[in-house]
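Novice: One structure is given below, represented as structure tokens, and several questions about it will come after.
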């Protein structure tokens with residue numbers, strides 16, 4: 001299981017086995033489906049929970065990924081993802097994430113077997 005997370009000019013791209021996910025501000029696009037309102041979705045083996053303010057929880061390839069972006073207030077049930085994608089180091093003390101990636105410092109990350117293996121900055 002190999003997954004990549006890459007920061008593009010105006011979005012964040014996650015490439016999983018069955019899906020390409022682009023997150024831009026408060027919108028998530030997975031393959032051809034655009035998600036910009038709260039709800040629960042399942043597309044190409046990826047389970048997505050979308051919340052207000054562009055908070056997204058993704059379950060794919062046996063890893064739970066939480067995208068908070070700039071949100072400092074988030075539901076407490078999202079406190080302990082396997083991997084958190086955040087814009088600010090200030091959020092780290094509020095999370096119990098297995099791993100954290102600061103989006104502003106990211107160019108590309110490679111995730112293998114649920115663990116971040118390499119980060120290019």
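Novice: Considering the stretch 70-89 alone, what residues qualify as being outside any loop (DSSP other than H, G, I, E, B) and at pLDDT 85 or above?
Specialist: Listed by number, the residues that qualify are 83, 84, 85, 86, 89.
Novice: Quickly run through the stretch 1-24 and pick out the residues that are under 20 Å from residue 71 (Cβ atoms), under 12 Å from the mean Cα position of the chain (by Cα) and in a loop (DSSP other than H, G, I, E, B).
Specialist: Listed by number, the list holds a single entry, 11.
Novice: Which residue out of 30, 23 is over 19 Å from residue 102 (Cβ atoms), at pLDDT 95 or above and surrounded by 16 or more Cβ atoms within 10 Å (Cβ to Cβ)?
Specialist: Among 30, 23, only 30 is over 19 Å from residue 102 (Cβ atoms), at pLDDT 95 or above and surrounded by 16 or more Cβ atoms within 10 Å (Cβ to Cβ).
Novice: Still on this structure, please answer the following. Identify, please: which residue in the stretch 74-87 is surrounded by fewer than 19 Cβ atoms within 10 Å (Cβ to Cβ) and in contact with a helix residue (DSSP H, G or I) (Cβ under 8 Å, 6 or more places away or on another chain) and is, among those, farthest from residue 114 (Cα to Cα)?
Specialist: In this case the residue turns out to be 87.
Novice: In the list 48, 63, 103, which residue meets the criterion of being under 21 Å from residue 9 (Cα atoms) and out of contact with any helix residue (DSSP H, G or I) (no Cβ under 6 Å at 6 or more places or on another chain)? It would help to see each step written out before you state the result.
Specialist: Numbers: 48 fails: under 21 Å from residue 9 (Cα atoms); 63 fails: under 21 Å from residue 9 (Cα atoms).
Checking each option against the conditions leaves just 103.
Each row is one residue, and each column tells you yes or no for (1) on the phi > 0 side of the Ramachandran plot; (2) surrounded by fewer than 19 Cβ atoms within 10 Å (Cβ to Cβ); (3) part of a loop (DSSP other than H, G, I, E, B).
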| position | (1), (2), (3) |
| --- | --- |
| 68 | no, no, no |
| 97 | no, no, yes |
| 104 | no, yes, no |
| 116 | no, yes, no |
| 119 | no, yes, no |
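For every residue, the table says whether it meets (1) touching a residue at least 40 places away in the same chain (Cβ under 8 Å); (2) in contact with a strand residue (DSSP E or B) (Cβ under 9 Å, 6 or more places away or on another chain).
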residue	(1), (2)
9	no, no
15	no, yes
22	no, yes
33	no, yes
37	no, yes
60	yes, yes
64	no, yes
69	yes, yes
74	no, yes
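The values are calculated or read from the model by the stated rules, or taken from the named source; none is laboratory data. Small disclaimer: the values here were computed from a predicted structure and weren't measured. Ideal geometry is used to build each Cβ from the backbone, glycine not excepted, and the neighbour counts take in all protein chains shown.
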